[in-house]
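Below is one structure, written out as structure tokens; comments come after it.
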């Protein structure tokens, strides 16, 4: 009789959700399934021109059920009885307004089509003003509530988004009892929770995005920012849990819907990059770069080696947010793969328009060409000679996450001429994303946290040798690329195995279930002098852009618009 046991890891990304069914004995993936959010694909509830990105909870619920049932169907019905645990990771900070029962308002009558009643996706930057007010209030307070959040609070995070929603939608303000992260709500949903005060809150989400550091800041701090926040700390949480803990067991309703048993343990959730770092077998002082539409850079270190030091300009440092017992430090870039996607969309606009009005054969050919653009550009860009006069770009197309969060910053390109072609401009953008990564490594090292190695996971890491080689050359250190296609979901599966009691801790789960590395990109030392010069110019151009935008912003605020 088989002694195998199985767990399910669920990874909620920006465009889709993926589930994997994993054998806990050796980490073998028995099945996987992906579900693309239909409302998101239709562009519903989003206004990119206003930096508004919202997702409907029904996309999450439908994807949850579809992918798990698809995995079980692929693996065979007999496997369902051997599933022992489920854990979830999500993008973040992606919170939502809920009632006292913990139900997202968009699932209640009257709010079904209201974007403000939906999950506010990580990339939503509508709360820039609110983030600035939180930063200003913190600067005046001797308690220094931002010291574990890199010293800067971001519009991408929990409290900024809550205040923005409360200010801009009276109906949501009246109905909103509490404010909940996506990674906390899914385990609550699966376990049949009906009281938001009983919801298990992730230390990962609370520490990195909600200013939790053993406790939340006091109510008086938030009330001084805006009376609309008065009382919210009492309706949120005081304690947090690491992701090796159980949130509960599968409810009868969800056990029936999924074809599983009510004894299945549901683990406490976390953000995708943090579980992805575990799936990628992170090691102390090795920066794990999760590279997709944006990047999230995760580093873990023993708390005693940092000894109370705080790292300025990053996205927080939280004890146990990645691996219990280790300090988790987070950084990242607001746009990485999105930079390449933007350029592809820009230059393929005529193709898209032609395809929309073409016959089936021509439409198929045009779309095929469009889909291959990045690969073609990468191939040509890799053949270009190193040239100090080549175009130079800044990668802040979606603002800057780290170092020193500032979502008002914009991208820039300099050095264009009539001889500049698409591969040259693409290479400038690729260099810019790699230089942005270098600025993060420099910040860690300047703050006394060494970076001794790099681990690459995610779509860009797996699919773009050109970008990965360029990144190794820019950072001047090797990059190991993890074997798994589904590293975040595998990390969730590892946590599920620990929460279910199959393994005693996450280190053991990583050793038993880790899939290893498929490739290492070695840096080319011949390119170091050239890329160092380019990086120095990138830094100078970035400083100029930031000063120019700041000056224009101040000037705009001081001079009233004419009537």
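Examine segment 376-393 for a residue that is assigned by TED's automatic domain parsing to the domain that holds residue 419, farther than 16 Å from residue 421 by Cβ and either in contact with a strand residue (DSSP E or B) (Cβ under 8 Å, 6 or more places away or on another chain) or not in a loop (DSSP other than H, G, I, E, B) (or both), and state whether such a residue exists. So far as segment 376-393 goes, no, none of its residues is assigned by TED's automatic domain parsing to the domain that holds residue 419, farther than 16 Å from residue 421 by Cβ and either in contact with a strand residue (DSSP E or B) (Cβ under 8 Å, 6 or more places away or on another chain) or not in a loop (DSSP other than H, G, I, E, B) (or both).
Checking each residue in segment 378-402 for being over 18 Å from residue 540 (Cα atoms) and under 16 Å from the mean Cα position of the chain (by Cα) picks out 398, 401. Just checking, does segment 163-186 include any residue being within 23 Å of the chain's Cα centre (by Cα), assigned to a helix (DSSP H, G or I) and over 30 Å from residue 397 (Cα atoms)? Scanning segment 163-186 turns up at least one residue that is within 23 Å of the chain's Cα centre (by Cα), assigned to a helix (DSSP H, G or I) and over 30 Å from residue 397 (Cα atoms).
When we screen 236, 260, 216 for residues that are closer than 27 Å to residue 330 by Cβ, touching a helix residue (DSSP H, G or I) at 6+ places or on another chain (Cβ under 8 Å) and at pLDDT 95 or above, the only hit is 216. Taking the conditions (1) farther than 30 Å from residue 89 by Cβ; (2) modelled with pLDDT of 95 or more in turn, residue 369 satisfies each one other than (2). Suppose we keep only residues that are closer than 27 Å to residue 410 by Cβ and touching a strand residue (DSSP E or B) at 6+ places or on another chain (Cβ under 8 Å) within segment 469-489. Which one would you say is surrounded by the most Cβ atoms within 10 Å (Cβ to Cβ)? Here the residue is 471. Could you grab me the full set of residues in segment 165-190 that are out of contact with any helix residue (DSSP H, G or I) (no Cβ under 6 Å at 6 or more places or on another chain) and either under 18 Å from residue 270 (Cα atoms) or without any contact (Cβ under 8 Å) to a residue 60 or more places away in the chain (or both)? Passing the criteria: 168, 170, 174, 180, 182, 184, 185, 186, 187, 188, 189. Residues that are in contact with a helix residue (DSSP H, G or I) (Cβ under 6 Å, 6 or more places away or on another chain), within 30 Å of residue 383 (Cα to Cα) and at pLDDT 95 or above do occur in segment 480-500.
For segment 345-358, the count of residues that are free of Cβ contacts under 8 Å to residues at least 12 places away in the same chain and in contact with a helix residue (DSSP H, G or I) (Cβ under 7 Å, 6 or more places away or on another chain) is at least one. The requirement of being touching a helix residue (DSSP H, G or I) at 6+ places or on another chain (Cβ under 9 Å), buried (at least 23 other Cβ atoms within 10 Å of the Cβ) and over 26 Å from residue 89 (Cα atoms) is satisfied by residue 134. With 436, 458 as the choices, which residue is modelled with pLDDT of 95 or more and surrounded by 19 or more Cβ atoms within 10 Å (Cβ to Cβ)? The unique qualifying residue is 436. Residues in segment 62-77 that are farther than 30 Å from residue 164 by Cβ, surrounded by 20 or more Cβ atoms within 10 Å (Cβ to Cβ) and within 24 Å of the chain's Cα centre (by Cα): 67, 68. Return yes when residue 310 is part of a helix (DSSP H, G or I) and in contact with a strand residue (DSSP E or B) (Cβ under 9 Å, 6 or more places away or on another chain) and no when it is not. The answer is no for residue 310.
Checking each residue in segment 78-90 for being in contact (Cβ under 8 Å) with a residue 60 or more places away in the chain and surrounded by fewer than 24 Cβ atoms within 10 Å (Cβ to Cβ) picks out 79, 80, 81, 82, 84.
Residue by residue, here is whether (1) in contact with a strand residue (DSSP E or B) (Cβ under 8 Å, 6 or more places away or on another chain); (2) part of a strand (DSSP E or B); (3) free of Cβ contacts under 8 Å to residues at least 60 places away in the same chain holds:
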{"position": "507", "(1), (2), (3)": "no, no, no"}
{"position": "510", "(1), (2), (3)": "no, no, no"}
{"position": "520", "(1), (2), (3)": "yes, yes, yes"}
{"position": "526", "(1), (2), (3)": "no, no, yes"}
{"position": "529", "(1), (2), (3)": "no, no, yes"}
{"position": "532", "(1), (2), (3)": "no, no, yes"}
{"position": "539", "(1), (2), (3)": "no, no, no"}
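In segment 191-277, counting only helices (runs of 4 or more DSSP H) that sit wholly within it, none holds 1 or more residues that are free of Cβ contacts under 8 Å to residues at least 24 places away in the same chain and not assigned by TED's automatic domain parsing to the domain that holds residue 93. From the list 299, 228, 260, which residue is surrounded by fewer than 24 Cβ atoms within 10 Å (Cβ to Cβ) and either touching a strand residue (DSSP E or B) at 6+ places or on another chain (Cβ under 6 Å) or closer than 28 Å to residue 17 by Cβ (or both)? Testing whether each residue is surrounded by fewer than 24 Cβ atoms within 10 Å (Cβ to Cβ) and either touching a strand residue (DSSP E or B) at 6+ places or on another chain (Cβ under 6 Å) or closer than 28 Å to residue 17 by Cβ (or both) leaves just 260. Against the numbered list (1) at pLDDT below 95; (2) under 24 Å from residue 14 (Cβ atoms); (3) out of contact with any strand residue (DSSP E or B) (no Cβ under 7 Å at 6 or more places or on another chain), residue 448 comes up short only at (2). Of the listed requirements (1) part of a helix (DSSP H, G or I); (2) surrounded by fewer than 24 Cβ atoms within 10 Å (Cβ to Cβ), residue 160 misses just one: (2). Residues of segment 313-341 that are on the phi > 0 side of the Ramachandran plot, buried (at least 17 other Cβ atoms within 10 Å of the Cβ) and assigned to a loop (DSSP other than H, G, I, E, B): 313, 316, 320. Looking across segment 7-19 at every residue that is in contact with a strand residue (DSSP E or B) (Cβ under 8 Å, 6 or more places away or on another chain) and over 12 Å from residue 88 (Cβ atoms), the one that is surrounded by the most Cβ atoms within 10 Å (Cβ to Cβ) is identified as 16.
When residues in segment 107-122 are screened for being buried (at least 24 other Cβ atoms within 10 Å of the Cβ) and either over 29 Å from residue 295 (Cβ atoms) or without any contact (Cβ under 8 Å) to a residue 12 or more places away in the chain (or both), 1 of them pass. Do we find that residue 427 is in contact with a strand residue (DSSP E or B) (Cβ under 8 Å, 6 or more places away or on another chain), assigned by TED's automatic domain parsing to the domain that holds residue 545 and within 29 Å of residue 482 (Cα to Cα) in this structure? No, not satisfied.
The values are calculated or read from the model by the stated rules, or taken from the named source; none is laboratory data. Quantities reported herein were computed from a predicted structural model and do not represent experimental measurements. With ideal geometry, Cβ positions are generated from the backbone for all residues, glycine too; neighbour counts draw on all protein chains shown.
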